[in-house]
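Worksheet: one structure, shown below.
The values are calculated or read from the model by the stated rules, or taken from the named source; none is laboratory data. Treat the numbers as computed from the prediction; the structure is a model and nothing was measured. All Cβ positions, even for glycine, are placed from backbone atoms using ideal geometry, and neighbour counts span all protein chains on display.
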Amino acid sequence: MIYLLTSNILQISPEGIIDRYPNSYNHFVLPFVIGISFILVYLFIGLVRILYHLTGEDRIKLLKSLFKPKTAWKNIKDIFCDCLLHTKIWKRKPLLGYMHSAIAFGWFLLIVVGHIEVWLFAPRHLSGLTEGSLYYPIFYRFFIWINPAHETLRGSVFFFIMDFLLLYVLSGIGLAMFKRVRSIALGMRHTTKPSLADRVALYSLWLIFPLRLLAEGFTADLSGGGFLTRPLNWVFRAFFGNELNFLPTWWAYSICLGLFFLAMPFSRYMHILTEPLLILMRNAGLKVRKPRKGFAEAEIYACSSCGLCLDACPMNVQKKNLKYSSVYFIRFLRRHNKRKTREIADKCLMCGKCYALCPVGVNSPAIRRALRETQNNNIKCDYSYLEDASSKSSATLAGKAGGKILYFAGCMSHLTPVIIKSVETILKASGQDYEFMDRNEGICCGRPLMLAGRTEAAQKTIQANSRIIRESGCTTLLVSCPICLKIFKEEYSLNGIEVIHYTQLVDRLIKEGKLKVSKSSSAIVYHDPCELGRGCGIYEEPRNVLSSVAELKKASKERDESICCGYSMGTLTLDEKDKAKIAESSVTSLMAENPDEIVTACPMCYRAIRSKAEVPVKDFAEIVCENIEK
Amino acid sequence: MIYEGKKKIWAEYQKEIPEDHYFYVRSCIRQSFFPASEATFLDITRNKLGKDIFETEHHTTCGGIAYHSDTIPQETVMTIIARQFALMHKYGYENYVCSCITSFGLYCETMETWREYPELQQKIAENLWKSCHLEFAKPKFLVHASDLIFKYRMQIAAKSKYKLVNKNTGEPLRVVEHIGCHYSKMFPSKGVGGAEYPYVLVGMVEAWGGQIVDYPERRHCCGFGFRQYFIKGNRGYSLSNTHKKFESMEPFKPDMIITNCPGCPYFLDRWQYVIAETQGKTYGQDGHGIPVFTYEEVAGLVMGYDPWDLGLQTHQVSVEPLLDKIGIPYDPAKKYLGKNGKYLGEPQKPQCLK
Amino acid sequence: MKNNILVIGGGPAGLEASAVLSRMGYNVILAEKEKRLGGHLAKWDRLFPDQTPAKEVLDGLLDGIKDVKCFTETDVNSINLLDRSFNAMLSNGITILADAVLLASGFDMFKAEKKEEYGYGIYDGVMTNADMEQVFREGKTFSPAPKAIGFVHCVGSRDEKAGNPACSKVCCATAVKQAIETKELYPEANVYCFYMDLRMFGRHYEDLYLRAQKAGIRFIRGRVSEVAETSEGRLLVKAEDTLSSRPVKVTLDRLVLMAGMRPSEAGHKVGRQLNLSVEEDGFFSSRDGFLSLQKSKLPGLFYAGACTGPKTLPDTFHEARSAAMEIDRYIKENFRK
Amino acid sequence: MIDFGFSFSPSSRINLDKADKEKFLSLAALEPDVLKCMACGSCSASCTAGAFEDTSVRKAILSLQNGLSDDAVKLLNHCMLCGKCTMVCPRGINTRHLILSIQKIYGK
């Protein structure tokens, strides 16, 4: 070591900062350089692949979005909030949010501030690869020697900042280690089982920062250090004397970094690098078209495998169903396991809770649907009869609904006549003029076909219904089934005809004073149907109305965390027993505050919850009807 | 197949058939379909067995074809039948034997109807008197001609020259029996052996040395069905019926078919030709068909009648291979000569059916 | 003095009633025409719905009649009502003066050969439910293993032409049970049940039905119309699949006819001597259909079991026990004042 | 061949001997529910597509058991997968997935 200090190649910089090595190189940087090179090449190839698999239209969309100021700003904001600060996790589970942001944001700042430090104190080393700009800023503390006599306040500030950031990251790592042992403390009942690559990357990641602390501690007397590294240096000195053999710790630090980068593409940590891309693509308005290529690939690699979806998934009320969770779905997709991905895709209820709660925003329901599409879209069927049916309906309705509300009950509402009857009563009581589109026979909205991946077939029913609706001359399409609502809003082009759910209509009628309701003393709880809440974002309107007709209690999980009733049309293979279990857990959540009645606003939820609840279950319209002031 | 089980059933369906003194009525269509059958019946019963079988040229159709084709009402057909019975009574007979199964079924149906509705019988008697001035009467015994041959089967066997046996192997011939639907399906007790396993033809075949073949579609109609055949557009149904029967009997490799109805032998015989010429399928050996006979023809054959005197040349399916099998001599040169020895002319050879 | 009670019929009803009566302290005399006690139960292998071995039930019954005088292979030659008691002469020469008589003459199985079109006694492969039970009981197997087996419900039941328009109540469950057992023995075989209506009314019966369905037994809603023999000696069975509204045919190796319940001939013989009235279906008529089910029009003569119509075994046991109670009440009211 | 102006009428009889058992077993392995149908007809009665065209899960299952797979596929050809039949089935048969599987296994 002394040799190094006294070697004749020492140079003195203006501030007394001296490069300790010729060419600023030491062999220990190799593992890191290999790792970082590998990941950069991998990233480049991956990016090209994803862009290649996008449709031309999507590529242009993406490109344009990058230059649209509004989207660009949103991109920056989202990347900052989601990738670095993890605000989504913060909101739900603060401790878990802190852990993630400590590691991500802390590390990000370490890199940024480290580069700034180099830029300020040794700018030469950022000028090109030959100057070691790939690794120099990472191992800055190794390569420099600072004459203590020349230490400046500016340098000390950086020493402090860097040590503080390191502490920040270390606190995150500490939490992460604790989480491995006791996940529930951080608010997670289930965590994912890590794969081999995950473990390698995970342990490397855990080691990187303690090793950095050690390494920088060893060199703190030469390179300077802050409140962490300098005392550490004194401690080492007290134990080992002057002969500090610090090279092995730098090797270890570099190896861990290298290992981490090498394992990264095969591990969950790929999400760190993919998530920004996902944000760009999502903000550009791209949709999943194929289950494994293009946008979906970005989604798949953006999954952090954090396992928050395990607790979110309503199926997981039974442990045996854990394997159907999104995180495993995506893992199997990454591994191209067709059999398992198909099985999982078919099982899913498509309730969307995993998507709603996903910190990265991986739209796995969309990927599942895309996968189902590959299986089911090409089934040959004959929907030619729909044209006839649609022209017949059009003929009977034509003009009649001019300027009025057109009520579409949908297939399922016909199994719950109480909904239809109550909706009609409300419409009449509030003096609304309306026509009933499917009183006798109707065409399915197409959402169940869509959910089953039969997109083309769905288009046929969409066309047929669109024609009836458009030709009826109505101004508003009223639906009582959230499943219908979702597809009417998303897939139909109805020339400006407003599509509303009856909860929205009732809310509006009350606000406009057209419908007067009185408040009963009954305590009720509202179940958010998946397609209405998470699907269409309608949470407030039903609550506004319900709190004016009864005392509204809370469920233990509600709004976007509401538990699916289990009878969603989304699932293709879930069996009756599993459905019943899910319905039970949904009811348990609803009964948290012991309400007198349960209210929901979906024909299927109504039937499902009714079959399991011990208190009366009412439809939204039904309870409104009961409380109309006469 | 448990033979004893069938015997038990046969024992339950015994029909009283008087030995002698019958009033005989012919079938409308048999004389043209199988011209020698009725003549053979009369020859065997009268001349060979010495029975009293009376026949009058004054009897008419029973009206069955028109009735089953929905062209005349039941009251009309009953009056026609009452006239037939009146003729029997007029000539001093009380046993009535008819050659036709349709007639037999209709007579049974009419008698049952009269029994159930005496006022209807009264009305028919009045009709009869008004239209023909004949006295209403009912036969004491009503039998079908095949019942009589069944009754005389042992006497015929005693006088037989040939047996229904393959002379080369000594094995009994495998015979499919086909009973006309109206023989016992409507009134099982009116048929010998009932409806499920009628014994009337089985008894003859057994008595004459043959072996009966039971095949799955043995109960099935030949396909005549009146309306099904008379209207060309419906004829496919008739053909399909026969086809189904042949497909079902084929694996049993029958040597011949014996029938007791006017329509059945005709359709079983002629449709084999149509099936062969449209489908290229034949059911007998070496591209031949399965020969189809009336019970009188079979009785005639075993008693040593000349095949051409029995009218076998009018069959569509050639009978020569079977005659060879039994060992009945025939003169091919005389096949197309009429009774008077004059050449009748030869039909065109089918393309497929040998 | 112990009162004499004559029980006619040693089937489940007679045995159970005798056991209860003898426990009550009566002197019970039981007459059974067959060589062995147990009636049809003794000829059965396993019972629906849970496949309890019939032998277990029978042994339980026989355990209860240790103090009963049993005469097997014994007919009631004559019986008449004296002043208050019945005088019965048995075929073994014994004369009995009984204060009460329990008629538990049960049922005869419908003679399947009467349904000529099914070919029982004509075709080798056609058998009845009782034959099938015997096969099971003796542990015999069909060889070669059948490829297809059919069960015909309602043979001689719900059939006016066969003289019985009524339902025999137990055949559906028996058919489904035997179908399951057959499928278990010959898993490769196609098993068909031809039914008109499935009357799975009892507890656990529906489970039995579902079990059969899951085992792959095919239920065809239609009555078999005719059976014929193919050239290989198999059975060609025809029916209508009424759910498809189309005729159906299938070749089977075995056809099991679910022969229904007919009134017992031996029971009728006793009934005629006492002038007991029978209803249109041929079974004895109770004094009324609700409160006096076990009573006949004669004081002192009681009914139990299938002599008053088709019954399941549990029904029969209920009747036997309630008949014993009725008899006890009758004796106490009339003989012990 | 001679044209007589008439020909065979097709038989309407179902021949169970000719039903494709293997294929049905493979369906039953995938969809054990197919064996549970008790032909109550609720599915057909509530069918949305059935209001317009002959559509019936009950009849389709029966047709498959009878070896008439073309009929079965035809009977499901107009299905919109709306799920009403699943909702009303008393035996809890997952009719929607069953329909998809039948269409995949037996469809052309």
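Could you give me the residue pairs with C-beta distances under 6 Å whose first residue belongs to the range C:117-128 and is under 15 Å from C:ALA148 (Cα atoms) and assigned to a loop (DSSP other than H, G, I, E, B), whose second residue is charged (D, E, K, R) and at pLDDT 95 or above wherever it lies, and which are 6+ apart or on separate chains? Between residues of the range C:117-128 that are under 15 Å from C:ALA148 (Cα atoms) and assigned to a loop (DSSP other than H, G, I, E, B) and residues that are charged (D, E, K, R) and at pLDDT 95 or above, the close pairs are C:GLY125/C:ASP253; C:GLY125/C:ARG254.
Scanning the range A:421-448 for residues that are crowded, with 18+ Cβ neighbours inside 10 Å and within 14 Å of chain D (Cβ to nearest Cβ) gives A:MET437, A:ASP438, A:GLY442, A:ILE443, A:CYS444, A:CYS445, A:GLY446, A:ARG447, A:PRO448.
Would you confirm, using the coordinates I've provided, whether A:SER204 is farther than 21 Å from A:PRO31 by Cβ, over 24 Å from the mean Cα position of the chain (by Cα) and in the same structural domain as A:LEU110 (by TED's automatic domain parsing)? In short, no. When the test is whether a residue is buried (at least 19 other Cβ atoms within 10 Å of the Cβ), at pLDDT below 90, in contact with a Ser or Thr (Cβ under 8 Å, 6 or more places away or on another chain) and not hydroxyl-bearing (Ser, Thr, Tyr), A:ALA122 passes it.
Residues are listed down the side, and each one gets a yes or a no for (1) away from chain D (no Cβ under 14 Å); (2) surrounded by fewer than 20 Cβ atoms within 10 Å (Cβ to Cβ):
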residue	(1), (2)
A:SER548	yes, yes
A:ALA555	yes, no
A:GLU561	yes, yes
A:LYS577	no, yes
A:VAL599	yes, no
A:CYS602	no, no
A:ARG610	no, yes
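Number of residues in the range D:53-108 that are within 28 Å of A:CYS605 (Cα to Cα), facing another protein chain (nearest Cβ under 7 Å) and either in contact with a strand residue (DSSP E or B) (Cβ under 9 Å, 6 or more places away or on another chain) or among the basic types (Lys, Arg) (or both): the value is 2.
Of the helices (runs of 4 or more DSSP H) entirely within the range A:72-188, those holding at least 3 residues that are closer than 27 Å to A:GLY226 by Cα occupy A:94-121, A:140-143, A:153-181. At pLDDT below 95 and closer than 27 Å to A:ILE510 by Cβ - does that describe any residue in the range A:450-471? Looking through the range A:450-471, at least one residue is at pLDDT below 95 and closer than 27 Å to A:ILE510 by Cβ. Can you find even one residue in the range D:59-75 that is assigned to a loop (DSSP other than H, G, I, E, B) and more than 20 Å from C:SER244 (Cβ to Cβ)? No, the range D:59-75 contains no residue that is assigned to a loop (DSSP other than H, G, I, E, B) and more than 20 Å from C:SER244 (Cβ to Cβ).
Pairs are defined by a Cβ separation below 6 Å, a sequence spacing of at least 6 or placement on different chains, a first member in the range B:326-354 that is closer than 26 Å to B:LEU268 by Cβ, and a second member that is among the polar types (S, T, N, Q) and part of a loop (DSSP other than H, G, I, E, B); the pairs so defined are B:LEU353/B:THR282. Taking the range B:134-164 as the range and being buried (at least 17 other Cβ atoms within 10 Å of the Cβ) and assigned to a strand (DSSP E or B) as the test, the residues that pass are B:LEU142, B:VAL143, B:HIS144.
Among the residues of the range B:238-270, those that are away from chain C (no Cβ under 14 Å), in a helix (DSSP H, G or I) and over 17 Å from the mean Cα position of the chain (by Cα) comprise B:SER238, B:LEU239, B:HIS243. In the range A:188-209, the count of residues that are in contact with a Ser or Thr (Cβ under 8 Å, 6 or more places away or on another chain) and farther than 26 Å from A:CYS306 by Cβ is zero.
For A:VAL615, only one of the following conditions fails: (1) free of Cβ contacts under 8 Å to residues at least 40 places away in the same chain; (2) more than 14 Å from chain D (Cβ to nearest Cβ); (3) under 26 Å from A:LEU485 (Cβ atoms). What is its number? It is condition (3) that A:VAL615 fails.
Within the range D:1-49, if we keep just the residues that are surrounded by fewer than 16 Cβ atoms within 10 Å (Cβ to Cβ) and polar (S, T, N, Q), the residue that is farthest from the other protein chains (Cβ to nearest Cβ) turns out to be D:SER26. Of the strands (runs of 3 or more DSSP E) contained entirely in the range C:52-95, those carrying at least 3 residues that are under 16 Å from C:LEU301 (Cβ atoms) and in the same structural domain as C:HIS40 (by TED's automatic domain parsing) fall at C:76-81, C:86-90. For the range A:380-399, a residue qualifies if it is more than 9 Å from chain D (Cβ to nearest Cβ), assigned to a helix (DSSP H, G or I) and either among the aromatic types (Phe, Trp, Tyr) or in contact with a helix residue (DSSP H, G or I) (Cβ under 8 Å, 6 or more places away or on another chain) (or both), and the qualifying residues are A:GLU387, A:SER390, A:SER391, A:SER393, A:SER394, A:LEU397. So in the range B:21-36, with the set limited to residues that are in contact with a strand residue (DSSP E or B) (Cβ under 8 Å, 6 or more places away or on another chain) and not in a helix (DSSP H, G or I), which one is modelled with the lowest pLDDT? Per the criteria, the residue is B:PHE34.
Kindly establish whether C:ALA13 is within 26 Å of C:MET200 (Cβ to Cβ), touching a residue at least 12 places away in the same chain (Cβ under 8 Å), crowded, with 18+ Cβ neighbours inside 10 Å and not basic (Lys, Arg). Criteria met by C:ALA13.
Condition check: surrounded by fewer than 18 Cβ atoms within 10 Å (Cβ to Cβ) and assigned to a loop (DSSP other than H, G, I, E, B). Does A:PHE239 satisfy that? No; evaluated as a whole, the condition is false for this residue. On the stretch given as the range C:92-120, residues that are buried (at least 21 other Cβ atoms within 10 Å of the Cβ) and within 14 Å of chain B (Cβ to nearest Cβ) total 6. State yes or no: is A:GLY410 buried (at least 20 other Cβ atoms within 10 Å of the Cβ), on the phi > 0 side of the Ramachandran plot and not assigned by TED's automatic domain parsing to the domain that holds A:LEU494? So A:GLY410 does not fit the description; no. With respect to (1) within 14 Å of chain D (Cβ to nearest Cβ); (2) surrounded by 24 or more Cβ atoms within 10 Å (Cβ to Cβ), the lone exception for A:GLU456 is condition (2). Report whether or not A:LEU406 is closer than 21 Å to A:TYR492 by Cα, in contact (Cβ under 8 Å) with a residue 24 or more places away in the chain, outside any helix (DSSP H, G or I) and touching a helix residue (DSSP H, G or I) at 6+ places or on another chain (Cβ under 6 Å). Here the answer is yes, as A:LEU406 does meet what is asked. Residues considered: C:SER245, C:SER231. Of these, the only one that is within 14 Å of chain B (Cβ to nearest Cβ) and free of Cβ contacts under 8 Å to residues at least 60 places away in the same chain is C:SER231. Between B:LYS130, B:LYS123, B:LYS167, which is of a type in the set (D, E, K, R) and assigned to a loop (DSSP other than H, G, I, E, B)? Checking each option against the conditions leaves just B:LYS167.
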